[in-house]
Amino acid sequence: MRHLVGSVPQTCPGPSSHLSPLSSAGRQNYDLLVIGGGSGGLACAKEAAQLGKKVAVVDYVEPSPRGTRWGLGGTCVNVGCIPKKLMHQAALLGGMVRDAPHYGWALQPVPHDWTTMAEAVQNHVKSLNWGHRVQLQDRKVTYFNIKASFVDAHMVCGVSKGRKETLLSAEHIVIATGGRPRYPTHIEGALEYGITSDDLFWLKESPGKTLVVGASYVALECAGFLTGLGLDTTVMIRSIPLRGFDQQMSSLVTEYMASQGTRFLRGCTPSRVQRLPDGQLQVTWEDPSSGKEDTGTFNTVLWAIGRIPETRSLNLEKAGVHTSPTSQKILVDAQETTSVPHIYAIGDVAEGRPELTPTAIMAGKLLAQRLCGQSSDVMDYENVPTTVFTPLEYGCVGLSEEEAVARHGEEHVEVYHAYYKPLEFTVAERDASQCYIKMVCLRKPPQLVLGLHFLGPNAGEVTQGFALGIKCGASYAQVMRTVGIHPTCAEEVAKLRISKRSGLDPTVTGC
Amino acid sequence: MFSSLGVECNILELDQVDDGANVQEVLSEITNQRTVPNIFVNKVHMGGCDRTFQAHQSGLLQKLLQEDSAYEYDLIVIGGGSGGLACAQEAAILGKKVMVLDFVVPTPQGTSWGLGGTCVNVGCVPKKLMHQAALLGQELKDARKFGWEYSHQVKHNWETMIEAIQNHIGSLNWGYRLSLREKAVTYVNSYGEFVEHHKIKATNRKGQETYYTARKFVLATGQRPRYLGIPGDKEYCITSDDLFSLPYCPGKTLVVGASYVALECGGFLAGIGLDVTIMVRSILLRGFDQEMAEKVGSYMEQHGVKFLRKFVPVMVQQLEKGSPGKLKVVAKSTEGPETIEEIYNTVLLAIGRASCTRKIGLEKIGVKVNEKSGKIPVNDVEQTNVPYVYAVGDILEGKLELTPIAIQAGKLLARRLFAGSLEKCDYVNVPTTVFTPLEYGCCGLSEEKAIEVHRKENLEVRLSITQP
């Protein structure tokens, strides 16, 4: 009998150690086994089942150091996109509550209650967990709530919360285990006293005065909505915001956040987190500008310094699946195949892929179709649109200006841009200084559009539409011939005429 | 004929030159004419034989043969709205001497407004802002579910909203005047009408008349709301022209019509808490996809807007004067003898718009106007049947009534007239959005139109019902 420590399931033993007599008889065989019930995993499993395969999905949430756990659906549904967008919406509504009196609504400033919001958000997420379970049932996909690890290249051992073991084997295995937030374990007190996005969306009580450490979109989105909900929020950024994104746009994003009351500590790194007698947290950090140490007191410290792939406890070496030595992500080819021909990886756990739900879903579906012989289409990861849901939203598709210049050379790139003012901001007397659009094109006619960057309200809705155009290879000439919808912010994209090169004032005036 | 007039002609015989076919091709592109003779007088395209003789008859030919310097302006634009201003400013940027005439004939209720046309003053801009006010009302309700704490019913104040919106419009009027001044476009706040070829009379608010001449003209006079032609309509009813600057809350409102104007107005009035009924003669949003139109209507109905389908008003009576007063409306069913009566504070007519083309002297210079619709037929370079007169915007026959199209058409027209451009305005696949409480955006063909054009068996319709 193996000895299990606490309630955390250990990884399964190899075939040579003691196994309960039932396991070899109880081993289940599938056409497809999907490890990870998130965006990519579920999409792949459901598609394969629909195409007639015998499919099983295993999903297990290792509780966060805080003890937070959640149901089926993966990061997006439980601790990502969905609760994020709902809390972002709550914050935006706060802004609308402030706008309303300008439009004639008789309302004084109102306070926000975290608990009411959290309950509503959490209830919605739970309904989605339920929805996913029903869907799997409807599609006849077998679901196991077990923590899986490889026994060998075709066999996986799963351990349930109650320490029950199940052996599963499959002809094809898809790894879609995603990632989890990284803790800066080298910082004293980080693990004991800090939380991550895994916990934030499940807090029943308000986080209060919060320090967000990080410069990722997770950091900025969280800091953004916390500020919008009326909480004292500080963001500590080691170097640059939104690494990998267009830097001009990124600085406009943070500029807007600063104008809304988020405090930024640039160039600082935390060295220590301590708990004070009154329960608050004291954070010590190095401030390079003064060369000294500084401290601050917060109710909550939120680490948002990146995510690490969930590959460590999979026993990948038993299956022969290779990971990147730097990122620990699983190495895959264009077919999402790993170093082992019948084992695949999709979503956030795969190296070199965008960490986005829609790409994981599409890749999962296409993979299932290929595995079932229905198609030979491979996922196209080019020109994938995305949006950062900061208080002023930033939507983009294609290349950043820096990438375009690096690829083609400055003389071959033309950037059209405009500062505009959303009509709705006028009556509300809102500051639109950071509402900005730029389109990065090739200079040579017809001027192929390489990238579009939109900063403003409803950026996701705006960018989605133009993403189709860019996917179809739209040129600037075509953009110029596209008639706008009036009055909207999106029409400003079709009206871009001033190039950066001209040096003219890009501020939009009037109709 | 020309020799009899003593006019020197340049004759290019296409069958006697090497690239005659090419020339013919380009000519066809510039003038839309493939036949010969293809005649130009002083750079203005006359047309073929018939048109040239007609022009001689009407005196136009002689005018054209005169020196250019006889005209005070290169271009006069009648109408300072979306299309007119875009065209005028573009022509000015190209170095031309341009005048814009803009004049707002007050509504029967006495409402008037400044420079900028329908969109800025009594269309797109105030509409979107009132729509936003209504959306905010819904968002305030949502906010409570998201944790924002207030328990009382929030009331809306009409006057506060109107003041804020009118202030913004005022800044836009001002912005336009500044822009015209910067580009050295002469702006005259007068009513323009033709008196003879190339000459207009401009009458200002005080009745003073001035005359101006130009080599080319662009008509961009737009439209105004129609009235029903029933007792009490002009006396007691308002239209969108009045609504956006109404100094008092309209109260319980009857909206007559099923246009996007009717639905958008009915929608936002209900959204700010007013009792709204929409009286529809037959279908909603004629010309739009009907499945979508019905969904737009259903959403509004679910959110408290009352619909009276298949009724038309026959009389409006004033029961009480006031701001607002009380009006009695009698309406008749379109399907039988049934009549209904109801009392409202305000009746808003939104039954369509009529082009401002009847009283601008077009008959004096022979510009063809569609008798029934009042719209002006133009070719694909926005030229009317009178060669030096063009038109853009809502008054064009067979084109879209949208600001961005009018602006695009106006700009491209100016470039063709004064910068040798050949680019024409493309009216196909123009996106638009109806800003009803649940907004409806569309681009391309409705399902009905697609079936008509391509036949049902060649179509696949994919749909999705989602919850934001």
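Using the Stokes-Einstein relation with a Kirkwood hydrodynamic radius computed over Cα pairs, the translational diffusion coefficient of the range B:92-209 at 10 °C and a viscosity of 1.306 mPa s comes to 90 µm²/s. Averaging Cα coordinates gives a centre for the range A:68-97 and one for the range A:254-302; these two points are 25 Å apart.
Relative intensity of the range B:149-238 on a log10 scale, I(q)/I(0) at q = 0.16, 0.18, 0.19, 0.24 Å⁻¹, equals -1.03, -1.12, -1.14, -1.20, per a Debye sum over C-alpha point scatterers of equal strength in the absence of solvent. Only DSSP H runs of four or more residues enter the estimate; each adds -39500 (n - 2.57), and after division by the residues of chain B the mean residue ellipticity at 222 nm equals -10000 deg cm²/dmol.
Distance from the Cα centroid of the range B:310-359 to that of the range A:153-195 is 69 Å (rounded to whole angstrom). Near A:Leu265: Cβ cut-off under 11 Å, other residues only, Lys/Arg at +1 and Asp/Glu at -1. The net charge is 0. Amide H contacts under 5 Å for A:Val235: A:Val212, A:Arg263, A:Phe264, A:Leu265, restricted to partners 5 or more places along the chain or on a different chain, H placed in the peptide plane at 1.01 Å from N.
Once amide H atoms are placed 1.01 Å from N in the peptide plane, what residues at a sequence separation of 5 or more from B:Val100, or on another chain, have their amide H within under 5 Å of its amide H? Under 5 Å from the amide H of B:Val100 lie the amide H atoms of B:Val77, B:Thr186, B:Tyr187, B:Val188, each far enough along the sequence or on another chain. Remark: mean inter-chain Cβ contacts per residue of B:134-146 equal 6, using a 10 Å Cβ-Cβ cutoff to other protein chain atoms. Based on alpha-carbon atoms, the Kirkwood radius and the radius of gyration of the range A:66-204 give Rg/Rh equal to 1.10. Per residue of peptide B:117-125, the mean number of Cβ atoms on other chains within 10 Å of the residue Cβ is 2. For chain A, the longest principal axis of the C-alpha atoms and the axis of helix A:39-50 are separated by about 60°.
Applied to the range B:76-90, the Karplus parametrisation 6.51 cos²θ - 1.76 cosθ + 1.60 on θ = phi - 60° returns per-residue 3J(HN,Hα) values of 10, 10, 9, x, x, x, 3, x, x, 5, 4, 5, 4, 5, 5 Hz, with x for Gly and Pro.
For chain A, the longest principal axis of the Cα atoms and the long axis of helix A:247-259 meet at an angle of about 80 degrees. Scaled to the globular estimate 2.2 N^0.38 Å, the Cα spread of the range A:302-445, given as radius of gyration, is 1.40. As an equivalent ellipsoid, the range A:81-140 spans semi-axes of 34, 12, 8 angstrom, where each value is the square root of five times an eigenvalue of the C-alpha gyration tensor, largest first.
Exposure proxy for A:Tyr183, A:Tyr420: other Cβ atoms within 10 Å of each Cβ, ordered fewest to most, give A:Tyr183, A:Tyr420. Take the alpha carbon gyration tensor of chain B, find the square roots of its eigenvalues, order them as a ≥ b ≥ c, and report rounded if a/c is under 1.5; if not, report prolate when a/b exceeds b/c, else oblate. Since a/c reaches 1.5 and a/b is larger than b/c, the shape of chain B is classed as prolate.
With a Förster radius of 30 Å applied to the C-beta separation of A:Asp431 and B:Arg144, the computed FRET efficiency comes to 0.65. Shape analysis of the range B:243-333 yields a ratio of the Cα radius of gyration to the Kirkwood radius, Rg/Rh, of 0.98. Near B:Leu327, the amide H atoms lying under 5 Å from its own belong to B:Leu319, B:Tyr344, B:Asn345; only residues 5 or more places off or on other chains count, and H is placed 1.01 Å from N. For chain A, the longest principal axis of the Cα atoms and the long axis of helix A:81-99 meet at an angle of about 30 degrees. In plain terms, the residue of A:His132, B:His454 with the fewest other Cβ atoms within 10 Å comes first and the most crowded comes last, giving B:His454, A:His132. Going 7 Å from the Cα of A:Asn29 along its beta-carbon direction, which residues of the range A:161-198 have the amide nitrogen within less than 11 Å of the resulting point? Counting backbone N atoms under 11 Å from the label point, the list is A:169-171. The ellipsoid that matches the Cα gyration tensor of chain A has semi-axes, each √(5λ) in whole angstrom, of 41, 30, 21, with the longest given first. Our summary gives the range A:439-480 a relative contact order of 44 percent, counting only alpha carbon pairs under 8 angstrom and 6 or more residues apart. Overall size of the range A:188-266 from C-alpha positions, given as principal axis extents largest first: 36, 28, 19 Å.
Here is how the number arises for chain A: DSSP H runs of 4 or more residues each give -39500 (n - 2.57), the sum is divided by the residue count, and the result at 222 nm is -9000 deg cm²/dmol. Converting phi to 3J(HN,Hα) with the Karplus coefficients 6.51, -1.76 and 1.60 and the offset θ = phi - 60°, the range B:278-285 yields 10, 9, 10, 6, 9, 9, 8, 6 Hz in sequence order, with x at every glycine or proline.
Estimated from the Cβ-Cβ distance and a Förster radius of 30 angstrom, the FRET efficiency linking B:Ile340 and B:Ile283 is about 0.90.
What is the distance in Å between the Cα centres of the range B:210-270 and the range B:136-156? Distance between centres, Cα-based: 32 Å. Take the Cα of B:Ile30, step 7 Å along the line toward its Cβ, and report every residue of the range B:394-422 whose backbone nitrogen sits under 13 Å from that point. Zone members listed by number: B:416-422. Note: relative contact order over the range B:390-468, using C-alpha pairs below 8 Å and six or more positions apart, is 15 percent.
Under Stokes-Einstein, with the Kirkwood radius over Cα pairs as Rh, the value for the protein assembly as shown at 37 °C and 0.692 mPa s is 101 µm²/s.
Working note: Karplus 6.51/-1.76/1.60 with θ = phi - 60° gives the range B:105-115 the couplings 6, x, 6, x, 7, x, 6, 9, 7, x, 5 Hz, where Gly and Pro are set to x.
Sequence-distant contacts, meaning Cα pairs under 8 Å at least 6 residues apart, place the relative contact order of chain A at 15 percent. Ordered by the count of other Cβ atoms within 10 Å of each Cβ, fewest first, A:Leu316, B:Leu129 give A:Leu316, B:Leu129. The mean number of partner chain beta-carbon atoms within 10 angstrom of a residue's beta-carbon across peptide A:282-295 is 0. For chain B, which span is the longest to avoid every loop-located (per DSSP) member of GluC sites (Glu not before Pro) having at most 10 other Cβ atoms inside 10 Å? It works out to B:68-334.
Only the coordinates and a few stated rules stand behind these numbers; no lab work does. All values reported here derive from a predicted model rather than from experimental measurement. Backbone-built Cβ (ideal geometry, glycine too); neighbour counts: all protein chains shown.
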